[in-house]
Each structure stands twice: as structure tokens, then as C-alpha cells.
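Encoded as C-alpha cells, the structure appears first; notes follow it.
The values are calculated or read from the model by the stated rules, or taken from the named source; none is laboratory data. It should be emphasised that the depicted structure is a prediction, and the values quoted were computed from it without experimental measurement. Every residue, glycine as well, gets a Cβ built from its backbone with ideal geometry; the counts of neighbours run over all protein chains shown.
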Amino acid sequence: MTYPYRRRHRQGNGVLLVILLAVFVAGRSCDRPKSRPSSTRVSTPVQNPIQDVLKPTQTQYRPGVAAAILIDTSGSMKERVRDSDGAMRPKIDIAQRAALDVVNQFDAYAREHAGQEIQLGIYEFSDRGGPIPVCRPIIKLGMPNPAASRTAILKMSASGDTPIGDAMIVAKRALDAAGLSKRHILVITDGENTQGYSPADVTQVITNQSETDRASIYFVAFDVAAAKFNSVKNSGGLVLAASNESELKGTLDYLLTGKILAEQPERH
């Protein structure tokens, strides 16, 4: 027979054992080092390589106007277009005459504005392979000189692919090095970019620079729909079209007189 006293005694021992076990476990838990929170990984921003190569190097710019004219000399510029008089002419020949006209206009403007510093550079761009740069100065950035420019411009020939964005980078760096306050990039091309950096991406980087550092960007879509360069337009460039020689001349006249060579303040 089990007496109630013994049952209560055994129950009390059980309760005491549970309490002691709980105290022991709690003590061991307190002795354990607290787990450290997992470290938060800090992501490193990805640097745009175009921003790296176009990082401004000038701290101050002197008054003046500098323009880089980029002429597409890829293989498609060998093709002929029908001009307003009905004649078929190679696009490269038309581009050469347009370049000569640009030099003459810059020279006339410089003579009429002797108080301003005016610089012009003519560049051709196409990928010829090997060690030949994709963008090459036909006329290095400097004072316009029609006599010296004519021979160099007429040597241009059409061959290779179309690295528009890479050519724009070359032009922007040359303009920055010139150190003049008003800088312009004018691209004449008959096709879309086929290699290298996208012209829209390059345009975006340039237009996002400070007002002091950026350059104005103009595209002339020659014998190609202007809509092909909507991405350049959306990135801040001005895109115009020309389908023949007379239209190209009219478009360039508008850009030179209305944008690039618009009246600038005289130096004091």
C-alpha cells in the first residue's frame, strides 16, 4: 500500500529536479558567447569606363570656341547617292566637299572675330584594323587654315567599320585639352555604330557633365534615317538628317551659323 506522504515526497523530488535542470541549462546558455550578427556586404558601385576616360582634366577654361568635326569614312561611304541635280555621287566625295566648306566658314568667322580664339579639328573615323587608330585627325585642332586643310581632306578614303562612340571620345578629349570654354562635337555619318562604345552612351556621359565641362553634340544622319539615332537624341544630342549634297550643305550651314559659330561674347 502506498501512503499519500510518500507520493507527495516523490512528486516534490520530481519538481525539484525539473527546477534544477532549468537553472543548469539557463546558466550554460549565459556562458555561451553571443552570436555575432552576419556582416552586411557593401556593394562597390560599378564605374562607367566612359566616365573614366572622359574625366575632366581642366579646372579653368579660357574664352573661345573649339569644334571637332567627325566624318565617317567607313566602307559604306563609297556608295553613291542621287543629288538634287540627278547626278550620282560617292558619299565620301560629298563629305570631303562639306569638310572644305566647314573649314572656309570657320576661317571667315575667325577673321571677322579677331578678338576671339577659334579652333577647328577635322577627324575621320573607321576601323581599318591593325595599328591604325579608329579615329584619326585629318586637321589637328587649331586655327582654321583652308590652304593646309585642302590636301589633307582630299586624301580621305572609305573603308572599314563604323566606331562612332570611340571617335566621339577621341574628339572630346582633344577638345578638353584645348582648354576653350565653348566646345562642340559634330558627327557626320551614314550608318549606325558597328563596334566600340555606343554613341548614345558617350553622349549621355558628356551631357551629364557639369555645364563647364560638357560639349554640345550634333549628329548629321547622311543618307540614313535620323530615327536611327533616336538614342543619341534621347541622351541629349541634336540629330538632323541630310539625304544629298545640297541638304548636307544646308544642314551644316544651319549648325555652324545657328549653333557652333553663333555670336559668342568677346574677350575682355
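Structure data summary
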item: Failed criterion for GLY236 (all others in (1) surrounded by 19 or more Cβ atoms within 10 Å (Cβ to Cβ); (2) on the phi > 0 side of the Ramachandran plot hold); result: (1)
item: Odd one out for ILE188, checked against (1) assigned to a strand (DSSP E or B); (2) out of contact with any Asp or Glu (no Cβ under 7 Å at 6 or more places or on another chain); (3) touching a residue at least 60 places away in the same chain (Cβ under 8 Å); result: (2)
item: Any hit, the stretch 85-106, residues being in contact with a Pro (Cβ under 8 Å, 6 or more places away or on another chain), in contact (Cβ under 8 Å) with a residue 40 or more places away in the chain and either among the aromatic types (Phe, Trp, Tyr) or closer than 23 Å to THR203 by Cα (or both); result: yes
item: Filter pass, ILE217 being over 30 Å from SER84 (Cβ atoms), at pLDDT 95 or above and within 11 Å of the chain's Cα centre (by Cα); result: no
item: Where a residue in the stretch 163-181 is more than 13 Å from LEU70 (Cα to Cα) and its partner, wherever it lies, is assigned to a helix (DSSP H, G or I), with Cβ under 9 Å and at least six apart; result: ARG173/VAL53
item: ALA158 vs. criteria crowded, with 18+ Cβ neighbours inside 10 Å and part of a loop (DSSP other than H, G, I, E, B); result: yes
item: All positions within the stretch 167-179 that are surrounded by fewer than 22 Cβ atoms within 10 Å (Cβ to Cβ) and either outside any helix (DSSP H, G or I) or charged (D, E, K, R) (or both); result: ARG173, ASP176, GLY179
item: Qualifying strands (runs of 3 or more DSSP E) (wholly inside the stretch 85-152; at least 1 residues being crowded, with 21+ Cβ neighbours inside 10 Å and at pLDDT 95 or above); result: 118-125, 135-142
item: Considering residues of the stretch 65-79 that are closer than 10 Å to SER159 by Cα and not small (Gly, Ala, Ser) only, the residue surrounded by the most Cβ atoms within 10 Å (Cβ to Cβ); result: MET77
